[in-house]
1. Report yes if Ile186 is closer than 29 Å to Glu267 by Cα, at pLDDT 90 or above, assigned by TED's automatic domain parsing to the domain that holds Leu403 and among the β-branched types (Val, Ile, Thr), otherwise no.
2. Would you mind listing the strands (runs of 3 or more DSSP E) fully within the range 107-200 where at least 1 residues are farther than 22 Å from Leu226 by Cα?
3. Only one of Ile401, Ile432 is among the β-branched types (Val, Ile, Thr) and part of a loop (DSSP other than H, G, I, E, B). Can you tell me which?
4. Going through the range 191-239 one residue at a time, which ones are polar (S, T, N, Q) and either in contact with a strand residue (DSSP E or B) (Cβ under 8 Å, 6 or more places away or on another chain) or surrounded by fewer than 23 Cβ atoms within 10 Å (Cβ to Cβ) (or both)?
5. For the range 296-343, give me each residue that is hydroxyl-bearing (Ser, Thr, Tyr), in contact with a Ser or Thr (Cβ under 7 Å, 6 or more places away or on another chain) and at negative phi.
6. Might you check whether a residue that is out of contact with any strand residue (DSSP E or B) (no Cβ under 7 Å at 6 or more places or on another chain), crowded, with 16+ Cβ neighbours inside 10 Å and part of a loop (DSSP other than H, G, I, E, B) occurs anywhere in the range 256-270?
7. Would you call Leu100 in contact with a Gly (Cβ under 7 Å, 6 or more places away or on another chain) and either of a type in the set (Asp, Glu) or within 30 Å of Thr138 (Cα to Cα) (or both)?
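The values are calculated or read from the model by the stated rules, or taken from the named source; none is laboratory data. In this text the structure is predicted, and so the values were computed from the model without any measurement. Methodologically, a virtual Cβ is constructed for each residue, glycine included, from the backbone with ideal geometry; neighbour enumeration extends over all protein chains shown.
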Amino acid sequence: MKPLAIVILGASGNLARKKLLPALSILHQRKKLPSSYIVAGCGRTEHTNESFRAVLGVAGEFAESVVYKTGIAGLKKFLADEFLKRGAGEEYDTMIFMALPPAVFEKTASELCMEGFGKTARLVVEKPFGTDLESAKTLNRSLLECFPEERIFRIDHYLAKEAVQNILVFRFANMIFDSAWNSSCIESIHINALETSGVEDRGAYFDNAGIIRDMVQNHLIQLLCLITMDAPVSLSSEDIRQQKLQILRAMRIDKCVCGQYEKYGIERGVQPDSTTPTFTEMQLSVNTMRWSGVPIYIRAGKSMPRTGTEIGIRFKHLPRVLFNENDEIEPNKVIFKIQPGEGIVIDMASKIPGREGGVASANMNFCYRDTFSEQIPEAYQRLLLDAVNGDKTLFVSSEEIELAWKVVDKVGNYTSKFSYEGRVMPGTRLGIDWIDFERYKGVCEI
């Protein structure tokens, strides 16, 4: 590989300090980076290389590759000089990570283009990508004026979680599930993303975004695409993307309610009279031959009674024959536990030992921590490594983003609002018969 310059714009911020530099340090330790590379922090704060390393807690052999540049002006010459100092020659690749507020994405891309990076560098863009369909289109146009689409890497860190990547393996590497993965066998699909905490120190950002923009438009719709997409021709990023696009084009929100926890208005950074939703419960549909008639439910919220991100697939009820003459056997379920406690649970019926005709629900559990000795990597390790290697499989295209915004931009037509404190009962607002995810609490968790 050519020498590589990894540039982090906004290098003094929390994202660089808490996620990016630690992830790059681990990639260095595991020898996943090119033999010659530099990590160049870039920001408005004045720093020397030494003070920057100290502030971000970078030490050891990795620290020797970490440098700092104030401002974008002259950045290209700065990188070239650094490589010449290290005897790496004049040719190198550049990857630029915009760990910046979304309001400056367009201006920063233009500055980078003026510096000469537009045709050669890879640009990694952190979410949120727009605030609605029109702003997303405007941002896409601005970035594409400076960088070609194949060099823009739009991050959705959920896609890099091991449990999320395993969804495609589960579906397309196990023939026993393939024939049942459709509306003939599946009754409903349920996706939860719940947190016991409130907005904490993200109040100013969250008050401008809300739960639908923060979670549903990107993370949860991407999960829905992976659960419902048809098998791609290959595992190339383009073939996977094409299958996700088919789902996005067929997706719509049929019902939606939104809520706000009662103490939200006194959170730091939140407007006291804010109407921003902190909870949503919605019913969607995907109008394809495979999924026509299958309701899909999404539920996301802050200040909830428990924390957990999971996907539940509920199969149809058995007919009232044989062991189910009294209609007492629960339908089969597949539960994908994304976090905490990554794993998969299959809910099935089994005979009760010693009891004639007795049948009860039993679980088959796959837990990452019990099955594999390898440590589960943090999402940014995988995303940064893929960006270094130019692999866009776990990144989101401009068309995906715009189609997802097109889906959620219509939510105002279906929304009713309420306030809540404490437990929000499943299904009480939409009449949804939710899967009882509580029964799987603790499964796969340490």
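1. So Ile186 fails the test.
2. Qualifying strands (runs of 3 or more DSSP E): 122-125.
3. Exactly one of Ile401, Ile432 is among the β-branched types (Val, Ile, Thr) and part of a loop (DSSP other than H, G, I, E, B), namely Ile432.
4. Within the range 191-239, Asn192, Thr196, Ser197, Asn208, Asn218, Gln222, Thr228, Ser234, Ser236, Ser237 qualify.
5. Residues of the range 296-343 hydroxyl-bearing (Ser, Thr, Tyr): 297, 303, 307, 309.
Those left that are additionally in contact with a Ser or Thr (Cβ under 7 Å, 6 or more places away or on another chain): 297, 303, 307.
Within the range 296-343, Tyr297, Thr307 meet the criteria.
6. Yes; the residues of the range 256-270 include at least one that is out of contact with any strand residue (DSSP E or B) (no Cβ under 7 Å at 6 or more places or on another chain), crowded, with 16+ Cβ neighbours inside 10 Å and part of a loop (DSSP other than H, G, I, E, B).
7. Working: in contact with a Gly (Cβ under 7 Å, 6 or more places away or on another chain): yes; either of a type in the set (Asp, Glu) or within 30 Å of Thr138 (Cα to Cα) (or both): yes.
Answer is yes for this residue.
One line per residue, one yes/no per condition, for (1) assigned by TED's automatic domain parsing to the domain that holds Gly87; (2) of a type in the set (Gly, Ala, Ser); (3) at pLDDT below 85; (4) buried (at least 16 other Cβ atoms within 10 Å of the Cβ):
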| position | (1), (2), (3), (4) |
| --- | --- |
| Ala16 | yes, yes, no, yes |
| Leu21 | yes, no, no, yes |
| Leu24 | yes, no, no, yes |
| Lys32 | yes, no, no, no |
| Ser35 | yes, yes, no, no |
| Ala40 | yes, yes, no, yes |
| Ser51 | yes, yes, no, no |
